[in-house]
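What follows is a single structure, written as structure tokens, with notes after it.
The values are calculated or read from the model by the stated rules, or taken from the named source; none is laboratory data. As the structure is a computational prediction, the values presented were derived from the model and not from experiment. All Cβ positions, even for glycine, are placed from backbone atoms using ideal geometry, and neighbour counts span all protein chains on display. To get the accessible areas, we keep the full protein, side chains included, count just its heavy atoms, and leave off ligands, DNA and RNA. Shrake-Rupley method; radii C 1.70, N 1.55, O 1.52, S 1.80 Å.
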Amino acid sequence: MTIEAAEGATARRLPFETHRLCDRTTTLGAGVWEPLRHFPAWEGGITKPGREKLREEGVRLAADGSPKGVIAGLESAILGAGNDVAHLLDANLPGLFESFPDASLWLVSTDSVLLARLAFLRVRYALELTPDVHLNADEYESLRALSGHSLTQGVEFSDLIKPLLLTFSPGAIGYAFPWPPHTLVLLFGSSIELRQPDPPSLASLYAPSLMNLDDPDAWIDPEFWRDEFSPGDLEILLAWWVSRLNLVYAHAANPAGFAGNGLHNVAQQFAWLLTVERLVLDAICILSGVQSPWPTQQ
């Protein structure tokens, strides 16, 4: 199979784009959510009863009022709301902005061409390396190579934002809410402590000590993650990170970049994409896997 990018060899489609939606000074209303209408979420994967269950779970998780509960509850509710998410945000953002007065809400939209190219990669991979897969109505759903092996599963890209939000670990500067294939990003405007008194759970007893901070001489420099940045600095960081993702995924999803003499090397492309996403996964695990507080200064 010969491959040529429709936009030409030198042009690049941008897989992701940032849209600033609002902060606590914004008057919420229909105009604020215009980008959400222009880039709707995909609703085909969750049934109506499933959405109702997600909304109920969101209420339950948010009931304790802690930042963890509120964020977990909002994530579940956003998934349950689908393209009715504007009503959910209108109702919940004022309270959220009271807790995070310097916060801002962003949409990171996903280009449909990225979805199409990743779907093409999934199908090509299955047909080339597992040619006994039959393309009929009953078996087409078995073409799940990206779903089974990749971090983003070819349709859900919120995890790509998380390494940025954990840059100043053991503090977090925001949270990425999946709204497939797009992402809603809440920038806190400052960093929030990730660590809990050790041990917070039985599972933590089994955790390796890579990020253990009991040692006063630990490698982490408190000056690095102290709140000496402004909310505007964090917004600049988000735009920069998305621009880096655009470079990586414009290449990863473009079959013309993995071709010799015009012939597409699907195994090479698939391996390159999975390697990138594994690096992202490792970064998230390391940066979020903290539990010990700083030692008390005597």
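Of the conditions (1) more than 23 Å from Trp33 (Cα to Cα); (2) of a type outside the set (Gly, Ala, Ser); (3) modelled with pLDDT of 85 or more, Leu127 clears all except one; give me its number.
Answer for Leu127: the failing condition is (3).
Out of everything in the range 228-247 that is of a type in the set (Phe, Trp, Tyr) and surrounded by fewer than 18 Cβ atoms within 10 Å (Cβ to Cβ), what residue ends up being farthest from Ala176 (Cα to Cα)?
Filtering the range 228-247 for residues of a type in the set (Phe, Trp, Tyr) gives 229, 240-241.
With surrounded by fewer than 18 Cβ atoms within 10 Å (Cβ to Cβ) added as a condition, the list becomes 229, 240.
Values: Phe229: 20, Trp240: 16 Å.
Once the filter is applied, the top-ranked residue is Phe229.
May I ask you to list the residues in the range 24-74 that are over 19 Å from the mean Cα position of the chain (by Cα), of a type in the set (Val, Ile, Thr) and at pLDDT 80 or above?
Once the filter is applied, which keeps residues that are over 19 Å from the mean Cα position of the chain (by Cα), of a type in the set (Val, Ile, Thr) and at pLDDT 80 or above, the range 24-74 yields Thr25, Thr26, Thr27, Val32, Val59.
What tally of residues in the range 66-100 results from selecting those that are surrounded by fewer than 17 Cβ atoms within 10 Å (Cβ to Cβ) and small (Gly, Ala, Ser)? I'd like the intermediate steps shown before the answer.
First pass over the range 66-100, keeping only residues surrounded by fewer than 17 Cβ atoms within 10 Å (Cβ to Cβ): 66-69, 83-84, 87, 90-91, 94-95, 98-99.
If we keep only those that are small (Gly, Ala, Ser) too, we end up with 66, 69, 91, 95, 99.
The qualifying residues number 5.
Would you pick out the residues in the range 101-118 that are buried (at least 21 other Cβ atoms within 10 Å of the Cβ) and in a helix (DSSP H, G or I)?
Correct list: Leu114, Arg117, Leu118.
Scan the range 154-161 and tell me whether some residue there is at pLDDT 90 or above, under 21 Å from Phe16 (Cβ atoms) and open to solvent by 30 Å² or more (accessible area, probe 1.4 Å).
Restricting attention to the range 154-161, the residues satisfying the condition of being at pLDDT 90 or above are 156-161.
Next, only the ones that are under 21 Å from Phe16 (Cβ atoms) stay: 156-161.
Those left that are additionally open to solvent by 30 Å² or more (accessible area, probe 1.4 Å): 156, 159.
Checking the range 154-161: at least one residue is at pLDDT 90 or above, under 21 Å from Phe16 (Cβ atoms) and open to solvent by 30 Å² or more (accessible area, probe 1.4 Å).
Would you please name the residue that is most open to solvent (accessible area, probe 1.4 Å), looking only at residues in the range 54-65 that are farther than 13 Å from Gly82 by Cβ and of a type outside the set (Gly, Ala, Ser)?
Arg60
List the pairs whose first member sits in the range 147-171 and is closer than 17 Å to Lys68 by Cα and without any contact (Cβ under 8 Å) to a residue 60 or more places away in the chain, whose second member is open to solvent by 20 Å² or more (accessible area, probe 1.4 Å) and of a type in the set (Phe, Trp, Tyr), and whose Cβ atoms are under 7 Å apart, counting only residues at least 6 apart or on separate chains?
Once the first residue is closer than 17 Å to Lys68 by Cα and without any contact (Cβ under 8 Å) to a residue 60 or more places away in the chain and sits in the range 147-171, its partners that are open to solvent by 20 Å² or more (accessible area, probe 1.4 Å) and of a type in the set (Phe, Trp, Tyr) give Leu165/Tyr175; Gly171/Trp225.
Select from the range 21-42 the residues that are part of a loop (DSSP other than H, G, I, E, B), open to solvent by 60 Å² or more (accessible area, probe 1.4 Å) and either touching a Phe, Trp or Tyr at 6+ places or on another chain (Cβ under 7 Å) or among the hydrophobic types (A, V, I, L, M, F, W, C) (or both) and list them in ascending order.
Within the range 21-42, Arg24, Trp42 qualify.
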